[in-house]
Amino acid sequence: MNLEKIYSELLLNIGFPLNEIQQNWVNLEKAYSGKSRHYHNLTHLKDMIVSFKHYAVQVQNPNEILFSIFYHDYIYKSSKKDNELKSAEYALSILPENSSLDKQLIFDAICATQLHTHNTIEDINWLIDFDLKILTRDWEAYQIYYEQIRKEYRIYPDFLYKPGRAKALKHFLENEFIFQTNEFRNLYEEKARSNIEREISILEKK
């Protein structure tokens with residue numbers, strides 16, 4: 001997948017001047033390629049775009065959702081709790097004044113990737129599910145994922161990280177559903193719950 005090509009075509013379609021597109025790509029690539037980004041990186045974006053392309057016909061506002069995918073983790077610091085808000089603010093700040101995109105939808109969509117809870121706007125539910133599809137991987141791939149997350153939180157010792165991670169995972173299980181669209185629930189809910197339960201059991205081992 002040529003991520004730069006997809007990005008450039010999107011920005012061209014939504015009114016960015018050519019000279020800004022290249023610089024914005026350089027900035028985005030740099031942001032997602034930071035040394036501390038073991039999971040929230042360009043590979044994560046590619047995975048989400050694969051899902052987006054597969055379900056694009058279901059999305060009512062594809063440009064807004066694709067733009068939100070590119071910027072939903074633009075700001076990412078494991079020690080901060082406002083990454084999504086900052087990412088949303090940044091995404092809006094670079095939009096051309098003449099852009100016809102629904103800015104409120106973009107802002108709300110990016111912010112929704114913090115809590116991953118059901119939204120009244122179905123496009124946002126699709127974005128949430130694209131973001132969480134990693135939870136549905138086969139166990140070997142899922143292990144790689146949670147090890148990458150651990151590396152991103154390496155500033156925290158195990159006695160802080162493990163209960164914090166377990167608490168966050170249990171929050172998913174306490175919800176009626178992990179996924180917000182019927183499509184993802186039918187295909188992946190059981191697998192995601194199984195992976196999460198298995199990771200929690202590892203985290204809680206003495």
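Observations on the structure shown:
- Tabulated pairs, segment 92-103, first within 8 Å of Gly15 (Cβ to Cβ), second hydrophobic (A, V, I, L, M, F, W, C), C-beta under 6 angstrom, 6+ apart or interchain: Pro96/Phe16; Ser99/Ile14
- Number of residues in segment 132-155 that are in contact (Cβ under 8 Å) with a residue 12 or more places away in the chain and not in a helix (DSSP H, G or I): the value is 3.
- In summary, helices (runs of 4 or more DSSP H) completely within segment 27-127 and bearing 1 or more residues that are in contact with a His (Cβ under 8 Å, 6 or more places away or on another chain) and of a type in the set (S, T, N, Q) occur at 83-93.
- Residue ID - farthest from the chain's Cα centre (by Cα), chosen from residues in segment 28-70 that are within 19 Å of Asn13 (Cβ to Cβ) and polar (S, T, N, Q): Gln60
- In segment 155-184, residue nearest to Val59 (Cα to Cα) [restricted to those that are of a type in the set (Lys, Arg) and open to solvent by 50 Å² or more (accessible area, probe 1.4 Å)]: Lys170
- Within segment 91-115, if we keep just the residues that are farther than 30 Å from Asn175 by Cα and among the hydroxyl-bearing types (Ser, Thr, Tyr), the residue that is surrounded by the most Cβ atoms within 10 Å (Cβ to Cβ) turns out to be Ser99.
- Scanning segment 129-145 for residues that are open to solvent by 30 Å² or more (accessible area, probe 1.4 Å) and farther than 29 Å from Val59 by Cα, we see that the one that is farthest from the chain's Cα centre (by Cα) is Glu140.
- One residue from Asp138, Asp123 being among the charged types (D, E, K, R) and under 24 Å from Leu92 (Cβ atoms): Asp123
- In segment 25-55, the qualifying residues are those that are charged (D, E, K, R) and free of Cβ contacts under 8 Å to residues at least 12 places away in the same chain, and the one that is most open to solvent (accessible area, probe 1.4 Å) is Lys35.
- Of all the residues in segment 76-98, those that are under 19 Å from Ile124 (Cβ atoms) and in contact with a Gly (Cβ under 9 Å, 6 or more places away or on another chain) number 1.
- Yes/no for Lys77 being farther than 22 Å from Leu169 by Cα and basic (Lys, Arg): no
- Each residue in segment 164-206 was checked for being of a type outside the set (Lys, Arg) and not in a helix (DSSP H, G or I), and 8 of them qualify.
- Residue tally, condition in a helix (DSSP H, G or I) and either open to solvent by 50 Å² or more (accessible area, probe 1.4 Å) or among the small types (Gly, Ala, Ser) (or both), over segment 1-24: 11
The values are calculated or read from the model by the stated rules, or taken from the named source; none is laboratory data. All figures in this text were calculated on a predicted structure; none of them were measured in a lab. Counting neighbours? That spans all protein chains shown, and the Cβs are built from the backbone with ideal geometry, glycine included. For accessibility, only protein heavy atoms count, side chains too; no ligands or nucleic acids. Shrake-Rupley method; radii C 1.70, N 1.55, O 1.52, S 1.80 Å.
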